[in-house]
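Each remark here refers to the structure printed beneath this line.
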There are 2 protein chains.
Amino acid sequence: MKHRALMLILDGVGDRPLSEFGGLTPLEAAYKPNLDRLATEGITGLMDPISAGIRVGTDVGHLALFGFNPLRVYWGRGPIEAEGVYFSLKEGDVSFRANFATVDSEGVIVSRRAGRIREGTAELAAALDGMRLSDGTLAFFKPATEHRAVLVLRGSRLSPLVTDSDPGPGGEGMKPLPIKSRITGAPAAERTAALASEFVKRAHEILVSHPVNIARKKNSLLPANYVLLRSAGVRKYVKPLTERFKIRGACVVAESTIIGIARMAGFDIMTSPRFTANLDTDVEGKMEMALAALKEYDLVVVHYKGTDIASHDGKSEEKKRFIEQVDKALGWLLNQTRNLKLYIAVTSDHSTPCGLREHSADPVPVILWGQDVLKDDVLTYGERSCAKGGLRRISANGFLLTLLDYLNVTHRFGS
Amino acid sequence: MKHRALMLILDGVGDRPLSEFGGLTPLEAAYKPNLDRLATEGITGLMDPISAGIRVGTDVGHLALFGFNPLRVYWGRGPIEAEGVYFSLKEGDVSFRANFATVDSEGVIVSRRAGRIREGTAELAAALDGMRLSDGTLAFFKPATEHRAVLVLRGSRLSPLVTDSDPGPGGEGMKPLPIKSRITGAPAAERTAALASEFVKRAHEILVSHPVNIARKKNSLLPANYVLLRSAGVRKYVKPLTERFKIRGACVVAESTIIGIARMAGFDIMTSPRFTANLDTDVEGKMEMALAALKEYDLVVVHYKGTDIASHDGKSEEKKRFIEQVDKALGWLLNQTRNLKLYIAVTSDHSTPCGLREHSADPVPVILWGQDVLKDDVLTYGERSCAKGGLRRISANGFLLTLLDYLNVTHRFGS
């Protein structure tokens, strides 16, 4: 029977000592017998997403965990979000993250998120999707979660080196910024900026009179009459992880960014409306789906976002409770997989200390568990216990490759 | 008195827990008081040949231990094997690994190793050596161990980007593959492929009627009537380690691959017919020769292959016993070197778990021993004990440089 691997990602799990836990971290304070069992029976260590002291975003942390080297191939959020809404990018496509927004009759931004619109965005996006721009460039516009959407420009000689129109947090009361080339004397970037501007202008004309917006105005809701753009990027082709190592990969996930990255890495996506990228996700449901996937796939990634969400809100108690919930679901899975030849990797994309309410560069604790790993004498899963582990301190790429090496799918460099 | 250093390489020593040793590794299970003494008195750690999760071949592991950066200058096996038979390569030489093989009258491979021919290969090789090819390119053909040999093409505008004619394991019953350029529109590679093909054709004509083969046929042995080629490469010039650090280096070794790499690194080779790249080598003899070399050289490398051989065969008990044999010989050397100012580095090129019977990416345990090292509190030499060592986890290049730094021969970067 072939070995299988499960990678459990607890987004933003790493933390710092908190007075409410008597100087322990949420992870150290949590009751988590199953994670502790894996730590006891496995080999542990610290993992830097990139290297010591480098603070990363969710995208970069996950790119590294999925085998990309973000120092070489970071293409920004636009393409990731496009793949995250299951749009399959072609070479040369320029992708933007987009927000439905509200502007007044003067063109001043009233709400950067159109009052956090949730309903009707599919119809609004459909009204913009497939727009043919003046030079023949095609604009795809796909809805994402809530007020979010994705714009993809497909044409010839396009460049991602253009500025954002979204002024960012605090942008209400300002006009959208003009989209410009980021470098002087770059015709492709200038053309792309002009095309994106044309799209925004025509989108505004269409959205203003769209029935969804007319209905919203009647109901005293802010109309989603404008599209703000940011994070233009072009995806470079990098051989997906699944192809590089000839494995079948599945990712159990709700968050569109992770969906995008997992898709780029060649993973099949397994999701459900009960899965949210939040604390209210169906924690057990994800483990159930992961178990089912382990029958078909060599490597199954399960992603939990709740730990990061709680951290950004500074809610240490909720973070601790979420860890306990995941631990319980993990216990169920461990019972169900007794007869599987299974490796389990426990990791995270980065630390998010509750006190900081922001990602930090602290390394994250990791576990590698399985029959023939060089079990160390660490007994619990935690930031400080794992610092004594046998893996010592490795990078996310190194940790992933170590897991794949145990699966015996890595290639030998040299002969 | 100047400090000297001994580097002891136990090829493939790293392993994983084995049930036959109650969950210990062969190294952990072995009785090895002298290695343990070095661990107790020295500083220990884990070493990745390249970096975490990268599985390497013997060549890459040793290139790193001899100070090359294989990520930048991996030239493949052809040039290494050429240097391994004491052929001094010139710039632009294209080297191939060669096998004496047997083909039938239809040109179909009967044996990829000419029935593992052992006798007469020197005469056969001499009959091919120095062949002048049609455009004036010179072909050198040198015998190596058993059925192995090396072809070196010396001419102008040659390229190593050509394919193998050796179909590899399972090639019996097939015809040799045509040697072709690996890239289209590359005249140098096309010329080289044509020249190698010409050599193979003319070699076949010469070998078929060679007295050695006529005698073999009479004795019902497979004639060595064909030359299979693979692993073409060109050595890039990299300043040898001994020159970079102005040290005298010697390597006590039997395996031709290691001989090639040590020669490239500027080391003098010390060997003996009693040394084999196997379990039956003269373990004590190597230590005796190393001791003699320590009188003349700053850095003496002793290479033992037995640990790797036993691992590839899954023979954990033999691996353990071989470690014990080396340990005993080391004890003798430690007694003899009491009055020397000596550093000892114990290391390996990669791990080869007996259960896997193949190299793995697991880091290898290392020791650095000598009068002024920052002795840690590790008491035994093993995969897990050394994981707690003061060197933590470093690369092979880093470990070598650390040893050279104790010898005080490294250069200061910056002022």
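The values are calculated or read from the model by the stated rules, or taken from the named source; none is laboratory data. This structure is a prediction, so every number in the text was calculated from the model and none was measured. Backbone-built Cβ (ideal geometry, glycine too); neighbour counts: all protein chains shown. Just so you know, the surface numbers come from the protein's heavy atoms only, side chains and all, with ligands and any DNA or RNA stripped out. Shrake-Rupley method; radii C 1.70, N 1.55, O 1.52, S 1.80 Å.
Here are the numbers:
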{"read-out": "Residue identified as assigned to a loop (DSSP other than H, G, I, E, B) and open to solvent by 20 Å² or more (accessible area, probe 1.4 Å) among A:K217, A:K236, A:K201", "value": "A:K236"}
{"read-out": "Neighbours by Cβ (under 6 Å, 6+ apart or cross-chain): first from segment A:401-415, more than 7 Å from every other protein chain (Cβ to nearest Cβ); second aliphatic (A, V, I, L, M)", "value": "A:L403/A:A5; A:L403/A:A345; A:L407/A:A5; A:V409/A:I247"}
{"read-out": "Those residues of segment A:106-132 which are part of a strand (DSSP E or B) and either crowded, with 17+ Cβ neighbours inside 10 Å or in contact (Cβ under 8 Å) with a residue 40 or more places away in the chain (or both), in sequence order", "value": "A:I109, A:V110, A:S111, A:M131"}
{"read-out": "Qualifying position, being open to solvent by 50 Å² or more (accessible area, probe 1.4 Å) and touching a residue at least 60 places away in the same chain (Cβ under 8 Å), among B:E296, B:E317", "value": "B:E317"}
{"read-out": "Qualifying position, being under 30 Å from B:K217 (Cα atoms), among the aliphatic types (A, V, I, L, M) and more than 14 Å from chain A (Cβ to nearest Cβ), among B:A101, B:A39", "value": "B:A101"}
{"read-out": "Subset tally (residues that are touching a residue at least 40 places away in the same chain (Cβ under 8 Å) and either small (G, A, S) or open to solvent by 30 Å² or more (accessible area, probe 1.4 Å) (or both)) for segment A:90-105", "value": "7"}
{"read-out": "Residues of segment A:178-192 classified as surrounded by 17 or more Cβ atoms within 10 Å (Cβ to Cβ) and of a type in the set (V, I, T), total", "value": "2"}
{"read-out": "Residue list for segment B:220-233, restricted to those being open to solvent by less than 10 Å² (accessible area, probe 1.4 Å) and either assigned to a loop (DSSP other than H, G, I, E, B) or charged (D, E, K, R) (or both)", "value": "B:A224"}
{"read-out": "Condition met for A:I309 (among the β-branched types (V, I, T), open to solvent by less than 30 Å² (accessible area, probe 1.4 Å) and either in contact (Cβ under 8 Å) with a residue 40 or more places away in the chain or away from chain B (no Cβ under 14 Å) (or both))", "value": "no"}
{"read-out": "Set B:S105, B:S88, B:S156: member being closer than 21 Å to B:I179 by Cβ and outside the structural domain of B:D362 (by TED's automatic domain parsing)", "value": "B:S156"}
{"read-out": "Among (1) among the small types (G, A, S); (2) at the interface with another protein chain (Cβ under 9 Å from one of its Cβ atoms); (3) open to solvent by 10 Å² or more (accessible area, probe 1.4 Å); (4) in contact (Cβ under 8 Å) with a residue 40 or more places away in the chain - the single one B:A29 does not satisfy", "value": "(2)"}
{"read-out": "The listed residue being over 19 Å from A:P160 (Cα atoms) and open to solvent by less than 30 Å² (accessible area, probe 1.4 Å), out of A:P49, A:P143, A:P70, A:P79", "value": "A:P49"}
{"read-out": "Residue match in segment A:326-335 (condition: among the polar types (S, T, N, Q) and in contact (Cβ under 8 Å) with a residue 40 or more places away in the chain)", "value": "no"}
{"read-out": "Criterion violated by B:I206 - all others in (1) open to solvent by less than 50 Å² (accessible area, probe 1.4 Å); (2) in contact (Cβ under 8 Å) with a residue 60 or more places away in the chain satisfied", "value": "(1)"}
{"read-out": "Matching residues, segment B:251-275, being touching a strand residue (DSSP E or B) at 6+ places or on another chain (Cβ under 8 Å), within 23 Å of B:G233 (Cα to Cα) and of a type in the set (A, V, I, L, M, F, W, C)", "value": "B:A254, B:I258, B:I259, B:A262, B:A265, B:F267, B:I269"}
{"read-out": "Those residues of segment A:367-409 which are surrounded by 20 or more Cβ atoms within 10 Å (Cβ to Cβ) and either in a helix (DSSP H, G or I) or not assigned by TED's automatic domain parsing to the domain that holds A:L8 (or both), in sequence order", "value": "A:C386, A:A396, A:N397, A:G398, A:F399, A:L400, A:L401, A:T402, A:L403, A:L404, A:D405, A:Y406"}
{"read-out": "Qualifying residue in segment B:353-365 (condition: farther than 29 Å from A:L404 by Cβ, open to solvent by 30 Å² or more (accessible area, probe 1.4 Å) and either within 14 Å of chain A (Cβ to nearest Cβ) or not small (G, A, S) (or both))", "value": "no"}
